[in-house]
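First the structure, in the form of structure tokens, and then the observations on it.
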Amino acid sequence: NRSSKSPFFLVQKLASMSVEPAVPRPDAAFIAQRRAAEPREPDKKGFDILGPIDQRPTEEHLKQLAQTLAAHEQRHPTMATLPGGGIVYQAPQITAAGSPFLKDLFKASLFRFACSHRNATQVALTWPCRSCLKMCCGFEERSILNDDEHWRCMLGTGFNAGKCPERLRGLFWMQDNIAGEVLISFQDVDWMTPTPQGFAAGGVKFLALNWSRDLTCAGIVPACASLSVTREMSFFVSPNLRWIFLNRAWVYIPHPHEYLVAPTDGPIPAPFSPGERVPFDPMWDMIRYNFENPWDTSSRNEYNYRLRRVAFLDSDGSLVKTAAWAELQAQVGAKTVSACTSDATTIENMLKLSDMQIVKDAPKR
């Protein structure tokens, strides 16, 4: 008898094993079939309407989504819960109770290193990957404060930009977003022509295009992923231009009279005081949400931030900066406090921005 550990035995064992063929990348139909067989909560099934995030919606998907989105808009016509149209701005990711920067020592240190907008060590570490993105993939490194001409040109891109609703035009700052993403535009969405029935507008946003990210790992990793793993994001606007469906999240478009205010009790977002008015222009700014129950806006708010319009193009094609640009400029220019004396100071440090961004422009019109 030969030992079960001898090389001869191992060779015989390997030879007797059947080699299964490589599994091809599953298509949308296969994934939809698998998802249908998986048990899931009924109130979350709506987010499976469009299938995989990197697959284009079918005509049948769009019919289902139009009905679901219209019903959602009818059930939730406003996010205001205070007199006069006040919306409580919770932003749990920048509160002392919910911020990942203030968890236990190990996790907090890890998040502070990984998710800071500013980190010279990470900028050095990402140099090889950034170089590849610039040389091979069309990305550029641009300054927020000193590259006005670039931002002006970027707002003139997009094959179907004419289909973009006026309310969504401009350069938006993802204020209070703790991810390594800062500026974004929507006119470059691949808007569907004609507009699908039941929507104010609809299309797909390419995650690689007109989406600025930090030079840190938290910015470069999603930039790389936008070319392969998560290439596209569903972008469908409800009939009355109140909600934008992002397949896994929402954007709320406020009524002109609505305003934001910090909570009066419970976790308070840094750097606000209880009940303080939060800078926000309801005519042009928007609010990004993630709800625990995606189809119930009264369920726990897991993540949200402001989408502030900081610039737009006038009728002559010139770049016009809004009042929110001054806030953006202040966040870029603000100095990091070396000695964090409070939780609020720690969070505020993590929200201070880096001037340099990596971005890839959409094709010109």
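The values are calculated or read from the model by the stated rules, or taken from the named source; none is laboratory data. Computed from a predicted structure; not experimentally measured. Reconstructed Cβ throughout: ideal geometry from the backbone, glycine too, with neighbour counts over all protein chains shown. Side chains included, ligands, DNA and RNA excluded: accessible areas come from the protein's heavy atoms. Shrake-Rupley method; radii C 1.70, N 1.55, O 1.52, S 1.80 Å.
Things to note:
- Note on region 194-270: Kirkwood hydrodynamic radius from all Cα pairs is 15.3 Å, rounded to one decimal.
- Rg/Rg_ref, region 74-174, where Rg_ref = 2.2 N^0.38 Å and atoms are Cα: 1.57
- Percent of C-alpha pairs per 10 Å bin, region 174-310, short to long: 11, 36, 37, 14, 1
- Per the Cα gyration tensor, region 177-229 maps to an equivalent ellipsoid with semi-axes of 27, 11, 8 Å, ordered largest to smallest.
- Computed over region 259-319, Cα set: Rg, Dmax in Å: 15.1, 47
- Placing a label point 7 Å from the Cα of SER342 along the Cα-to-Cβ direction, the residues of region 82-96 whose backbone N falls under 13 Å of that point are 96.
- Expressed as a whole percent, the accessible surface of region 197-344 that belongs to carbon and sulfur atoms is 55, based on a 1.4 Å probe.
- Entries of LYS103/LYS352; LYS103/LYS335; LYS134/LYS335; LYS107/LYS205; LYS134/LYS352; LYS205/LYS364 with Cα pairs more than 22 Å apart: LYS103/LYS335; LYS134/LYS335; LYS107/LYS205; LYS134/LYS352
- Accessible area of region 51-137 belonging to carbon and sulfur atoms, whole % at 1.4 Å probe: 65
- The alpha-carbon atoms of region 241-342 define a convex hull whose volume equals 157 cubic angstrom per residue.
- Accessible surface computed residue by residue for region 214-300, with neighbouring protein chains in place and a 1.4 Å probe, gives 38 Å² per residue.
- Cα gyration tensor shape for region 149-239, rounded if a/c is under 1.5, else prolate or oblate: prolate
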